[in-house]
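One structure below.
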Amino acid sequence: MVDVADKLGYFQAITGLEDPDLCTEILQAHGWDLELAISSFTSSDPRDDHHHASSSAPGGGGGGDGGDRSAVFTDSTARELNDYPSRGIDTELVMRDDGSGRPPGIAWRIITLPISIVSGSLGLVSGAIGFGFWAAGGVLSYSLGMLGFGSGRGGSESSARLVSVSSAAGEAMEFVALFDRDYGSSNAFKPDFVSEGFMDALQRSRSSFKLLFVYLHSPDHPDTPVFCERTLCNEAFAAFVNENFVCWGGSIRASEGFKMSNSLKASRFPFCAVVMPAANQRIALLQQVEGPKTPEEMIAILQRVVEDSSPVLVTARVEAEERRNNLRLREEQDAAYRAALEADQARERQRREEEERLEREAAEAERNRKEEEEARERAEREAAEREAARVRMRQEKALALGDEPEKGPDITQVLVRFPNGERKGRRFESKTTIQTLYDYVDSLGVLETEEYSLITNFPRTVYGRDKASMSLKDAGLHPQASLFIEIN
């Protein structure tokens, strides 16, 4: 016979649950039938869960006089819940002792939610995951049999069918629609039940810093119609609960509502509870009310819960606001830093661009200066070369003229007047050509150009280059002539 410790260890290894007390409770609820407990853990069929829970639900499920299990936040409780809704709670139970004279009872306890509620509300369980559980169940059944953990059931029965997980939001919407149909049409006031799964409603209460009011609806219970019509749809109660709570309701006929009734250990109906989020997919049960209650009684009970939990919620809201302010301040500081950094980078880019522009301009100016200097040197060199050429030409032409002849009958006296008023005269043989006169003028170096003509005024005669081969005598310039220079 396999001992309890082995079954507990094997159950923890298969399910991944770390809490030994919770695992022990689940195994005890299933008569220490390991395979049945694992199959129930991975199943989401309400009828199957109801069959397992009927043997372990405390107090039965009948009506009768209702009772409430109340919640009080002591100093230690407030310290442990001070980080609501972000920090988890480890204490399992806090007893009432506030000196108010009210009877003691359950203050609050931590409840670990079934994985099907957590996953179903968050949309994490799909057909593929269900198929994985189903396939693992077949392998597990064979393994348990080999280890001696078998329950005695047939193999075909132990291989659970493919898990079918219903939509938590769809169930919530269906509950709200049915509640409105049955009770909302004749009542103008009712709790504002959210049309979403339990985990989403819990998250909504977390973000709005409110407690979550849970109503588990039992359609077949005889007290349900009166409680819904006279208490839940009471004007004062509806206004109070809508102002102070996020409201979620579920029918125990639906998968999620039934599983919540098991988790909250609902033993009487109508059943109401007040919960708040805790860590690791757990909730803190602050108050539960079982059996019919008047609106005044419900308001008094919930008012006490609101008053007791107000310091925690206010602290959580203030801390959240501080976190938001700190986050906003960090974001503003980051934005200012980024803006300053971008401004510095922009200035650095401008500085680099300005430096590059100045460098380009300096390089361009240096290049232009060098080009101008080279052009000037080239012009000076060319001018020097031209001047040297003119000097050589004058020298050559002066040598070609020879010595000036003495006066005589065949000698012509020529006077040349330059544009600057300067006069030059020389004697030439009468047979000398007009080209020789041009050579003579060039050899003097008075003119800077070679584009000119020799002319006489009376009568005006131009002795151009076309008459260069004529002799002075033939040109009518003998025995003497006075010539002017006209620049072409």
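The values are calculated or read from the model by the stated rules, or taken from the named source; none is laboratory data. All figures in this text were calculated on a predicted structure; none of them were measured in a lab. Methodologically, a virtual Cβ is constructed for each residue, glycine included, from the backbone with ideal geometry; neighbour enumeration extends over all protein chains shown. We work out accessible area using only protein heavy atoms, side chains counted, and drop any ligands, DNA or RNA first. Shrake-Rupley method; radii C 1.70, N 1.55, O 1.52, S 1.80 Å.
What are the ³J(HN,Hα) couplings of the stretch 419-424, residue after residue, when phi is run through the Karplus curve with 6.51, -1.76, 1.60 and θ = phi - 60°? Round to Hz, x for glycine and proline.
Whole-Hz 3J(HN,Hα) from phi for the stretch 419-424: x, 7, x, 6, 10, 9.
Which far-off residues, 5 or more places away or on another chain, put their amide H under 5 Å from the one on Tyr463, with H placed in the peptide plane?
Residues meeting the criterion, in which the H sits 1.01 Å from N, are Leu454, Ile455, Thr456.
Over the stretch 411-487, give the accessible area per residue in Å² for a 1.4 Å probe, as an integer.
Working: 4020 Å² over 77 residues.
About 52 Å² of surface per residue is accessible.
Which sequence of Lys431, Lys370 reflects their accessible areas, 1.4 Å probe, from the largest down?
Working: Lys431 150, Lys370 100 Å².
Reading off the accessible areas and sorting them downward yields Lys431, Lys370.
Cut-off under 28 Å on the C-alpha distance; same-chain residues fewer than 8 positions from Lys259 excluded. Which lysines are left, in chain and number order?
Of all the lysines, those that pass the test against Lys259 - Cα under 28 Å, at least 8 places apart if same chain - are Lys7, Lys190, Lys210, Lys293.
Apply the Debye scattering formula to the stretch 166-325, with a single equal point scatterer on each alpha-carbon and no solvent, then give log10 I(q)/I(0) at q = 0.14, 0.15, 0.19 Å⁻¹.
-0.67, -0.77, -1.25
Based on the Cα coordinates of the stretch 415-486, what is the per residue volume of their convex hull in Å³? Intermediate values should be presented prior to the final figure.
Numbers: hull volume 5.9 nm³, N = 72.
Each residue corresponds to 82 Å³ of Cα convex hull volume.
Checking the cross-link filter: which lysines have an alpha carbon closer than 18 Å to that of Lys424, excluding same-chain neighbours under 8 positions apart?
Once the sequence-local lysines are set aside, what remains near Lys424 is Lys397, Lys407.
How large a share of the accessible area of the stretch 411-487, in percent, is made up of carbon and sulfur atoms when the probe is 1.4 Å and the other protein chains stay in place? Intermediate results must be reported in sequence, preceding the final value.
Details: 1890 of 4020 Å².
Here it works out to 47 percent.
Take peptides 206-216, 371-381, 470-480 and line them up by average Cβ neighbours within 10 Å, highest first, as a rough protection proxy. Kindly include the intermediate steps, with their values, before the conclusion.
Values: 206-216: 20.6, 371-381: 10.0, 470-480: 17.1.
Going by the mean number of other Cβ atoms within 10 Å, highest first, we get 206-216, 470-480, 371-381.
Suppose we look only past 16 Å in the calculated P(r) of the stretch 366-472. What percent of the Cα-Cα pairs does that tail hold? Display every interim value, and only then the final one.
Numbers: 3802 of 5671 pairs.
Percentage above 16 Å: 67.
Ignoring ligands, DNA and RNA, what percent of the accessible area of the stretch 176-278 is carbon or sulfur (1.4 Å)?
Using a 1.4 Å probe with all protein chains present, the stretch 176-278 comes out at 47 percent carbon and sulfur.
Take each of the peptides 323-331, 25-33, average the number of other beta-carbon atoms within 10 Å over its residues, and list them starting from the highest.
Working: 323-331: 10.1, 25-33: 16.9.
So the peptides 323-331, 25-33, ranked by packing, come out 25-33, 323-331.
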